[in-house]
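Heads up: the structure comes next, in structure tokens.
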Amino acid sequence: MNAADSAAALYPVHETFHSWQGEGGHLGKSAFFIRLYGCPVRCPWCDSADTWDTRRVAAPPSRLSVEALVKEAVAARPEIVVLTGGEPTIHDLAPLANALHAAGLPVHLETCGAFPLRGNFDWVAISPKDAAPPLLDNLICANELKLIIGHPDDLPRWSDFLAARSLSASTSVWLHPEWSRHADPVLLDAITRWVIARGAPFRAGWQIHKCYDADEVASRPSQA
Ligand code: SF4
């Protein structure tokens with residue numbers, strides 16, 4: 001793709017918002033999220049199903065230019081920009097990532113890892129899904145993995161999957177309770193015991209932004 005094509009790239013954007021990173025190794029950082037439309041994986045418990053489920057959205061959103069997205073991100077003055085979805089890697093992210101980098105913004109990617117990555121990223125978080133397992137090339141370049149644990153049996157199953165792929169010991173593997181079971185004592189106990197027994201690379205995780213309702217803050221009146 002040449003420079004003119006890059007500048008002309010358009011992305012189907014479900015939403016943009018300024019909040020903070022609620023999970024993983026960059027927890028708590030001011031983050032501008034660009035949530036792209038579309039995902040062919042269709043997990044039954046998806047918490048962003050309104051980016052792909054046509055029963056929830058009347059029509060795909062209009063497409064925004066690289067220039068418009070970078071302008072919004074720069075105006076927000078975040079510490080990081082997070083490209084998420086849906087599944088962002090079904091789109092060629094190189095023009096957007098290049099332009100964000102040129103504006104001095106670190107670019108983080110959240111993906112299921114099942115599709116080739118197009119673009120350069122400062123941080124890659126992969127959340128593997130049963131319906132579309134991650135590509136080995138993507139696992140190798142991941143900075144962290146986020147496993148969604150819906151049942152204690154998911155722990156050995158995903159652990160075996162990752163062990164067979166010889167991940168770098170420095171890649172953190174976060175164990176996140178599936179959100180509809182985030183207060184289930186049996187599940188939390190299983191994660192706790194797993195981390196205590198094995199240590200690195202496993203880390204107990206939670207989607208802390210959901211406790212704050214942080215992603216909704218832009219739509220609420222300020223109490224200050
Ligand atoms: S891969 Fe991610 S965005 Fe796609 S359906 Fe599954 S949880 Fe949702």
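What follows is calculated from the coordinates using simple rules that are stated; it is not laboratory data. Quick caveat, the model's predicted, so the values are computed rather than measured. So basically every Cβ, Gly included, is an ideal-geometry build from the backbone, and we count neighbours across all protein chains shown.
Within the range 38-52, the set of residues being surrounded by fewer than 19 Cβ atoms within 10 Å (Cβ to Cβ), in contact with a Lys or Arg (Cβ under 8 Å, 6 or more places away or on another chain) and in contact (Cβ under 8 Å) with a residue 12 or more places away in the chain comprises 41, 43, 48, 50.
The residues on offer are 55, 35, 63, and the sole one that is in contact (Cβ under 8 Å) with a residue 24 or more places away in the chain, among the basic types (Lys, Arg) and within 16 Å of the ligand (Cβ to nearest atom) is 35. Being away from the ligand (no atom under 16 Å from the Cβ), more than 19 Å from residue 30 (Cα to Cα) and of a type in the set (A, V, I, L, M, F, W, C) is a property that does not hold for residue 74. All of (1) touching a strand residue (DSSP E or B) at 6+ places or on another chain (Cβ under 8 Å); (2) more than 16 Å from the ligand (Cβ to nearest atom) hold for residue 11 with one exception: (2). With a requirement of 1 or more residues that are within 16 Å of the ligand (Cβ to nearest atom), the helices (runs of 4 or more DSSP H) lying completely within the range 83-201 that satisfy it span 136-141, 154-163. One residue stands out in the range 63-82 among those that are more than 15 Å from the chain's Cα centre (by Cα) and either of a type in the set (S, T, N, Q) or not in a helix (DSSP H, G or I) (or both): the one that is surrounded by the fewest Cβ atoms within 10 Å (Cβ to Cβ), namely 77.
Yes or no, residue by residue, for (1) crowded, with 18+ Cβ neighbours inside 10 Å; (2) in contact with a strand residue (DSSP E or B) (Cβ under 9 Å, 6 or more places away or on another chain):
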{"site": "176", "(1), (2)": "yes, yes"}
{"site": "184", "(1), (2)": "no, yes"}
{"site": "193", "(1), (2)": "no, no"}
{"site": "197", "(1), (2)": "no, no"}
{"site": "200", "(1), (2)": "no, yes"}
{"site": "204", "(1), (2)": "no, yes"}
{"site": "210", "(1), (2)": "no, no"}
